[in-house]
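**Student:** First the structure, then my questions, so here it is.
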């Protein structure tokens, strides 16, 4: 096996560089002293500091710029072709070279123009400079090695320069811009620095060379074409003031809503580029050909433009950085996103080798045999055919991802016929014929759906839609029928989808999402067929439709630390606007619950993991609500020392379900006794904010009755008072409740003290007979109250029986077995009780598995908006018998 290029001695490495790059061969022949420059950079790249130092030498500016470019290109080509430089290094070094030379040229051009016309100043008297923005790969900090640079010239204010040769600021900066271009682009005996492309400026070649910021803003509002948003996504200021430009560009590129309507514009842009490439015979071009660099970038930048207004982390000019964030956010499947990133990196590496060869801006594969051999060797392939095979694999992966995002959905024959019947311009479709067509499409109750569809299309609301929205809705109607036909209860599912369409029929962006991405509509149908709650949620809050574009696997292990930061930043932006904060909290919760629902229904999330995630979500929301409620009452933002929320019940046991309320208690450190009244107001405000009904709904229902002395007790208690109550006045049922408690939100230091107190209280030995008698008596009273109930919670062998059994085990055996005092939930505690021999292991394990089944049934009921989980005779018979066996094992009574 030949040695790796990175292992070659310098002489052999230089020979390889000359062989694989005719440009480097010519340069070393003309300037042999550059071998020493290469030798200095064997171990490290050419840094920006070195570039700036080279330009500081007393050399004519044009010559200094070109000689620097030669040195950097030679060092970079040598390091890259010999396996010493990563792709990141190549992109960063070329971008740094461009930034450095453009900034230097801008400064030189400014000095020369000031010498002629005087200094322009702003309204405050400060000198004004030409603002130079880079677009394209320069803007993204991912410049290729023989690239041109896409530049935009701007200036901040209008005015005139002082002195005898006064000119308008527009004329001044136009002159400076021309000087800058000449410094970079003129070809001399030493070559050029960069070709400069100014065609992306407002109005293109027909527009002025420089534009004021005010004119740019007006252009964005009234004249810019949709594809220009795509170009400006990459905008980055290279020289001059940047904040004012960023404030104009951000809202132009990124919409506050989910901008799925942008897909058609990008699709048309790609079509024009592909058509032009085909006419120029560029099928072998790895940039604009199928599966090329451009399609990779389109796939990433589409997602940025659609979601960047809401997902701020996507507002980056770097394609590779944006791709990594899309994967992290679950917006691109990990496997597909990783493959896309690998293929993109491969094409960029190959692009550089094509350009090193003669320092030409080309992405075309060579035809000359000697050139093909050099490129194959530079890519560490034995021959050009092997290179082509490897390249084709990567291009196929890119094309697959691109096609999945950009290809127009193909209509089935049935959908076309159904659409023609529904949207007949000659008149109103007849119900009988429509029902027959729906039956052929696979709808289980075609007459009912036909009636509902006709009601929808005849409604005044439908007739009053804009042309664009109506076209989208007309396209959607046969699609929702097809999507529903694949689900159980297809007619009911289609009607739920229709209710969603009614909710968004004037929101073109959402309509575009469902039209352009059939997989999203199919997923909505799958979700709505199985969850009335999800159907209602999507219809009320269609912004959540975007969640259906994400992979379910990305919802199974939420990065709650990252979500906490996101929520903190979002609330900070809304500081002082209580109404907005309350809705923000609700939308945050809804988004995450919907994600978990998707993962649950698609089989990605076991029942215990689901409850863990729902409980973590509640903790985060409680913590944020507590922090904001405290701040609203004058306490410092960012946390309230010595005050906590304790979770009880399902929250305390990390066993929350979809519809669970929150059992909570507020405690404070005894050192804050004099603030008790203020702390009580905070607790009351937290409760009010959680339970308030806003346009976004209720955050959580809350139960505060488990605090000391129940509903008659103080709203907040000190930790010592809580301890005293538990030791001397608490009832047995309150000790039972203590087994399912934990620190949930607030001050972590006080939270640790509470956890230690809980452990202390559960370690107290108890009178066995009295304890069991009290629990049995309590259960008997509850059974009397719910004697006729078929609710799963209260039936014999139901959830309460199991929970009482586990609580008795913890209170009886916790003093001798510390692990039972851990807050691990009923399932794990039962397993441990069996392992410890406290009850028969088979009984414990059967009850633990039964508990999971009961929980699954509870979750399913919540998803279908069932207020109570009613079980029929014989339903869950085996599981309920397992729970009854547990009861007998613990209490010895039926």
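**Student:** Taking only segment 155-174 into account, find how many residues are touching a helix residue (DSSP H, G or I) at 6+ places or on another chain (Cβ under 6 Å), within 26 Å of residue 246 (Cβ to Cβ) and surrounded by 18 or more Cβ atoms within 10 Å (Cβ to Cβ). Let's see the steps before the verdict.
**Tutor:** Residues of segment 155-174 that are touching a helix residue (DSSP H, G or I) at 6+ places or on another chain (Cβ under 6 Å), as a first pass: 155-156, 158-159, 161, 165, 167, 172.
Retained after the next criterion (residues that are within 26 Å of residue 246 (Cβ to Cβ)): 155-156, 158-159, 172.
Going one step further and asking which of them are surrounded by 18 or more Cβ atoms within 10 Å (Cβ to Cβ), we end up with 155-156, 172.
Residues in segment 155-174 being touching a helix residue (DSSP H, G or I) at 6+ places or on another chain (Cβ under 6 Å), within 26 Å of residue 246 (Cβ to Cβ) and surrounded by 18 or more Cβ atoms within 10 Å (Cβ to Cβ): 3 in total.
**Student:** For segment 170-207, how many residues meet the condition of being in contact with a strand residue (DSSP E or B) (Cβ under 6 Å, 6 or more places away or on another chain) and under 16 Å from residue 114 (Cα atoms)?
**Tutor:** Within segment 170-207, residues that are in contact with a strand residue (DSSP E or B) (Cβ under 6 Å, 6 or more places away or on another chain) and under 16 Å from residue 114 (Cα atoms) number 3.
**Student:** A further question follows. Taking segment 559-575 on its own, how many of its residues are outside any helix (DSSP H, G or I) and touching a helix residue (DSSP H, G or I) at 6+ places or on another chain (Cβ under 6 Å)? I'd like the intermediate steps shown before the answer.
**Tutor:** Start the filter on segment 559-575 by keeping residues that are outside any helix (DSSP H, G or I), which leaves 559, 574-575.
If we keep only those that are touching a helix residue (DSSP H, G or I) at 6+ places or on another chain (Cβ under 6 Å) too, we end up with 574.
Qualifying residue count for the region: 1.
**Student:** Evaluate the following for residue 586: is it part of a helix (DSSP H, G or I), out of contact with any helix residue (DSSP H, G or I) (no Cβ under 6 Å at 6 or more places or on another chain), within 15 Å of residue 863 (Cβ to Cβ) and not assigned by TED's automatic domain parsing to the domain that holds residue 331?
**Tutor:** Answer is no for this residue.
**Student:** From the list 537, 544, 527, pick out the single residue that is within 18 Å of the chain's Cα centre (by Cα), under 20 Å from residue 862 (Cα atoms) and in the same structural domain as residue 508 (by TED's automatic domain parsing). Write out each step before concluding.
**Tutor:** Working: 537 fails: within 18 Å of the chain's Cα centre (by Cα); 527 fails: within 18 Å of the chain's Cα centre (by Cα).
The unique qualifying residue is 544.
**Student:** Of (1) over 38 Å from the mean Cα position of the chain (by Cα); (2) within 23 Å of residue 611 (Cβ to Cβ), residue 674 satisfies all except one. Which?
**Tutor:** (2)
**Student:** A further question on this structure: Which of the numbered conditions does residue 700 fail, given that it passes all the others? Conditions: (1) over 30 Å from residue 798 (Cβ atoms); (2) outside any helix (DSSP H, G or I).
**Tutor:** (1)
**Student:** Okay, next question. The conditions are (1) closer than 22 Å to residue 154 by Cβ; (2) buried (at least 21 other Cβ atoms within 10 Å of the Cβ), and residue 107 fails exactly one of them. Which is it?
**Tutor:** Single failed check for residue 107: (2).
**Student:** (1) within 21 Å of residue 653 (Cβ to Cβ); (2) touching a strand residue (DSSP E or B) at 6+ places or on another chain (Cβ under 8 Å): which one isn't true of residue 851, the others all being true?
**Tutor:** (2)
**Student:** Here's something else I'd like to know. Could you list, in sequence order, the residues of segment 666-697 that are outside any helix (DSSP H, G or I) and surrounded by fewer than 22 Cβ atoms within 10 Å (Cβ to Cβ)? Even if it seems obvious, please write down each step before you answer.
**Tutor:** Pass one, segment 666-697, residues outside any helix (DSSP H, G or I): 666-669, 692-697.
Residues satisfying the conditions are 669, 692, 693, 694, 695, 696, 697.
**Student:** Ok, one more. From the set of residues in segment 444-496 that are without any contact (Cβ under 8 Å) to a residue 12 or more places away in the chain and part of a loop (DSSP other than H, G, I, E, B), which is nearest to residue 522 (Cα to Cα)? Walk me through it before giving the result.
**Tutor:** Step one: filter segment 444-496 for residues without any contact (Cβ under 8 Å) to a residue 12 or more places away in the chain, giving 455, 459-460, 463-464, 467, 470-471.
Now narrow it down to the ones that are part of a loop (DSSP other than H, G, I, E, B): 459, 464.
On the way: 459: 26, 464: 27 Å.
My answer is 459.
**Student:** Of the conditions (1) in a helix (DSSP H, G or I); (2) at pLDDT below 95, residue 706 clears all except one; give me its number.
**Tutor:** (1)
**Student:** Here's another thing I want to ask about it. Can you name every residue in segment 27-64 that is in a loop (DSSP other than H, G, I, E, B) and surrounded by 12 or more Cβ atoms within 10 Å (Cβ to Cβ)?
**Tutor:** So the first thing to find is which residues in segment 27-64 are in a loop (DSSP other than H, G, I, E, B), and the list is 31-33, 41-47, 56-60.
Hits for segment 27-64 are 31, 41, 42, 44, 45, 46, 47, 59.
**Student:** Specify the residue that is farthest from residue 330 (Cα to Cα); the eligible residues are those in segment 603-622 that are within 20 Å of the chain's Cα centre (by Cα) and not in a helix (DSSP H, G or I).
**Tutor:** 605
**Student:** For segment 634-665, name all the residues that are part of a strand (DSSP E or B) and more than 19 Å from residue 733 (Cα to Cα). Explain how you work it out, then say what you get.
**Tutor:** Taking segment 634-665 and keeping what is part of a strand (DSSP E or B), we get 643-648, 662-665.
Result: 643, 644, 645.
**Student:** Does residue 823 satisfy being closer than 24 Å to residue 856 by Cβ and touching a strand residue (DSSP E or B) at 6+ places or on another chain (Cβ under 6 Å)?
**Tutor:** yes
**Student:** Next up: Kindly list the number of the only condition in (1) under 22 Å from residue 852 (Cα atoms); (2) outside any helix (DSSP H, G or I); (3) in contact with a helix residue (DSSP H, G or I) (Cβ under 8 Å, 6 or more places away or on another chain) that fails for residue 766.
**Tutor:** Tallying (1) under 22 Å from residue 852 (Cα atoms); (2) outside any helix (DSSP H, G or I); (3) in contact with a helix residue (DSSP H, G or I) (Cβ under 8 Å, 6 or more places away or on another chain), residue 766 fails exactly one: (1).
**Student:** What do you reckon, is residue 181 under 28 Å from residue 121 (Cβ atoms), in a strand (DSSP E or B) and either touching a residue at least 12 places away in the same chain (Cβ under 8 Å) or under 31 Å from the mean Cα position of the chain (by Cα) (or both)?
**Tutor:** On the way: under 28 Å from residue 121 (Cβ atoms): yes; in a strand (DSSP E or B): no; either touching a residue at least 12 places away in the same chain (Cβ under 8 Å) or under 31 Å from the mean Cα position of the chain (by Cα) (or both): yes.
When the stated conditions are applied, residue 181 does not pass them.
**Student:** Right, next: Counting residues that are farther than 28 Å from residue 743 by Cα, which helices (runs of 4 or more DSSP H) fully inside segment 774-873 reach at least 2?
**Tutor:** Values: elements: 799-813, 825-835, 841-863.
Output list reads 841-863.
**Student:** Restricting attention to segment 75-83, does a residue exist that is part of a helix (DSSP H, G or I), surrounded by fewer than 19 Cβ atoms within 10 Å (Cβ to Cβ) and out of contact with any strand residue (DSSP E or B) (no Cβ under 6 Å at 6 or more places or on another chain)?
**Tutor:** Kept after step one, since they are part of a helix (DSSP H, G or I), are these residues of segment 75-83: 75-81.
From what is left, the residues that are surrounded by fewer than 19 Cβ atoms within 10 Å (Cβ to Cβ) are none.
The answer is no, given that none of the residues of segment 75-83 is part of a helix (DSSP H, G or I), surrounded by fewer than 19 Cβ atoms within 10 Å (Cβ to Cβ) and out of contact with any strand residue (DSSP E or B) (no Cβ under 6 Å at 6 or more places or on another chain).
For (1) surrounded by fewer than 20 Cβ atoms within 10 Å (Cβ to Cβ); (2) modelled with pLDDT of 95 or more; (3) under 21 Å from residue 664 (Cα atoms), each residue gets a yes or a no:
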| position | (1), (2), (3) |
| --- | --- |
| 580 | yes, no, no |
| 583 | yes, no, no |
| 597 | no, no, no |
| 603 | yes, no, no |
| 620 | no, yes, yes |
| 630 | no, no, yes |
| 644 | no, yes, yes |
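The values are calculated or read from the model by the stated rules, or taken from the named source; none is laboratory data. The shown structure was predicted, so the numbers you read here are calculated from the model rather than taken from an experiment. Neighbour counts run over all protein chains shown; Cβ positions are idealised from the backbone, glycine included.
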